[in-house]
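Below is one structure; the comments refer to it alone.
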Amino acid sequence: MRLIIDTDPAMGTIGGDPEDCFAVLLALNSPGVTVEGITVVQGNVPAEKGYSNVKHLLELVGRTDVPVRRGLVRPLSQDRPIQVGFLERRYAMSQLTEMIEPPDDEAGAVDFLVEKVQQNPGEITIVTIGPCTNLAKALQTAPDLAGKVRGIVMMGGTAAVAGNISPAAEFNFWQDPEAADIVFRSGAPLTMVGLDVCHQTELHPRQVEDVAGESELGRFVLEATKPWFRVMGGGTGDGALHLYDSLAMAVAIDPTLVALEDSFVEIETSDGPAQGMSVSHHVPFQRILFRHQETNAKVALEVDVERFYAVFQERVLDVIAKGRKNEQEREN
């Protein structure tokens, strides 16, 4: 299986959500999966920070062979003052990783997406675990892309539960509603892994502490996750974070982890309180009643949590622990 990961990785930015990088580790350590590239998008943190963060992670795990491309640094529409303001404030966040500027050939995420898919029709699955800005721009640049991609798996949206950035909306779609709307209108084969299933997953601080040890990778993961665990403690009450992006990545690799329903999904692109909301017509009667008998996506409504946890343990937590073991062996 060949993947491109489109992500807004904050592991390395103090106070940012570090979970994207767990999803990257999961993909890199999945048998039969080739990560063709990682494209970085604005979102959780500015793309400039995300690029530096993922380059640092790849260095730590010895995977500098994976191409990284930095993408768009703002939402598609500049008439999104709340979202742009959110990004602007996050430039001031402190870094654990060194800020690095990409060379010219690593600054073209949109071109990379277009070229990889067009050169390999029917072969590439794109996994978006951040806002859809890069992907939407690629679809605008090359409308035939929708018919050449093997599939698009999106971490985003909600089908039947409340949002997490507002009562109506999930963060990734909220951060760039126009981009999400373009993707859902594209005709590409889409799978939406939203809050309905992601909020059934948890990772607790102790699980990271138990595997981190004193390896360079372990220390980085531990230091990068502690601030976000504190943030989540106020929301969940037990300090756990949800494995949004890791679940979407696992579903891209093994769709049987979730129960999928055909749906017609629409995105609210107004500037009102429902901006970024995903409206899912996954009940057949709804599609008849509201004249949406066609479908444009499959949405995840149930998840085999225990089977997912086993995947996460093996391909993420055990890998971090192995980094500790390898360093201990070198010292001895």
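The values are calculated or read from the model by the stated rules, or taken from the named source; none is laboratory data. Note that the coordinates shown come from a computational prediction; the quantities given were computed from them, not determined experimentally. When we count neighbours, we look across all protein chains shown, and the Cβ atoms used for this are built from the backbone with ideal geometry, even at glycine. All accessible areas refer to the heavy atoms of the entire protein, side chains included, with ligands and DNA or RNA removed. Shrake-Rupley method; radii C 1.70, N 1.55, O 1.52, S 1.80 Å.
Key figures for this structure:
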| read-out | value |
| --- | --- |
| Exclusive hit being touching a strand residue (DSSP E or B) at 6+ places or on another chain (Cβ under 8 Å) and open to solvent by 40 Å² or more (accessible area, probe 1.4 Å), set Gln95, Gln78 | Gln95 |
| Scan of segment 54-68 for residues that are assigned to a loop (DSSP other than H, G, I, E, B) and open to solvent by 20 Å² or more (accessible area, probe 1.4 Å), ordered by number | Val61, Gly62, Arg63, Thr64, Asp65, Pro67 |
| Pairs where the first residue, in segment 38-64, is at positive phi and the second is surrounded by 24 or more Cβ atoms within 10 Å (Cβ to Cβ) and not in a helix (DSSP H, G or I), C-beta under 7 Å, 6+ apart | Gly43/Asp8; Gly43/Gly130; Gly43/Pro131 |
| Of the criteria (1) part of a helix (DSSP H, G or I); (2) among the hydroxyl-bearing types (Ser, Thr, Tyr); (3) touching a His at 6+ places or on another chain (Cβ under 9 Å), which one Tyr309 fails | (3) |
| Positions within segment 95-116 being modelled with pLDDT of 95 or more, in a helix (DSSP H, G or I) and charged (D, E, K, R), in sequence order | Asp111, Glu115, Lys116 |
| Per-region count, segment 1-11, residues farther than 23 Å from Gly108 by Cβ and either within 13 Å of the chain's Cα centre (by Cα) or in a strand (DSSP E or B) (or both) | 1 |
| Complete set of residues in segment 117-150 that are in a helix (DSSP H, G or I) and touching a strand residue (DSSP E or B) at 6+ places or on another chain (Cβ under 6 Å) | Val117, Asn134, Leu135 |
| Boolean, Val73 is surrounded by 18 or more Cβ atoms within 10 Å (Cβ to Cβ) and either over 20 Å from Gln175 (Cα atoms) or β-branched (Val, Ile, Thr) (or both) | no |
| One residue from Val161, Val183, Val149 being open to solvent by 40 Å² or more (accessible area, probe 1.4 Å), without any contact (Cβ under 8 Å) to a residue 60 or more places away in the chain and among the β-branched types (Val, Ile, Thr) | Val161 |
| Selection count, segment 99-134, where residues are out of contact with any Gly (no Cβ under 9 Å at 6 or more places or on another chain), crowded, with 24+ Cβ neighbours inside 10 Å and not aliphatic (A, V, I, L, M) | 0 |
| Single residue of segment 276-322 satisfying the filter (touching a Ser or Thr at 6+ places or on another chain (Cβ under 7 Å) and of a type in the set (S, T, N, Q)) that is farthest from Glu202 (Cα to Cα) | Thr295 |
| Residue, most open to solvent (accessible area, probe 1.4 Å), within segment 12-53, restricted to residues that are in a helix (DSSP H, G or I) and farther than 24 Å from Gln313 by Cβ | Glu48 |
| Asp79 vs. criteria in a loop (DSSP other than H, G, I, E, B), within 20 Å of Ala179 (Cβ to Cβ) and among the acidic types (Asp, Glu) | yes |
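Table: residues versus (1) within 23 Å of Phe184 (Cβ to Cβ); (2) touching a helix residue (DSSP H, G or I) at 6+ places or on another chain (Cβ under 6 Å).
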| residue | (1), (2) |
| --- | --- |
| Val208 | no, yes |
| Gly213 | no, yes |
| Leu222 | no, yes |
| Phe229 | no, yes |
| Gly239 | no, yes |
| Asp245 | yes, yes |
| Val251 | yes, yes |
| Asp254 | no, no |
| Ala259 | yes, no |
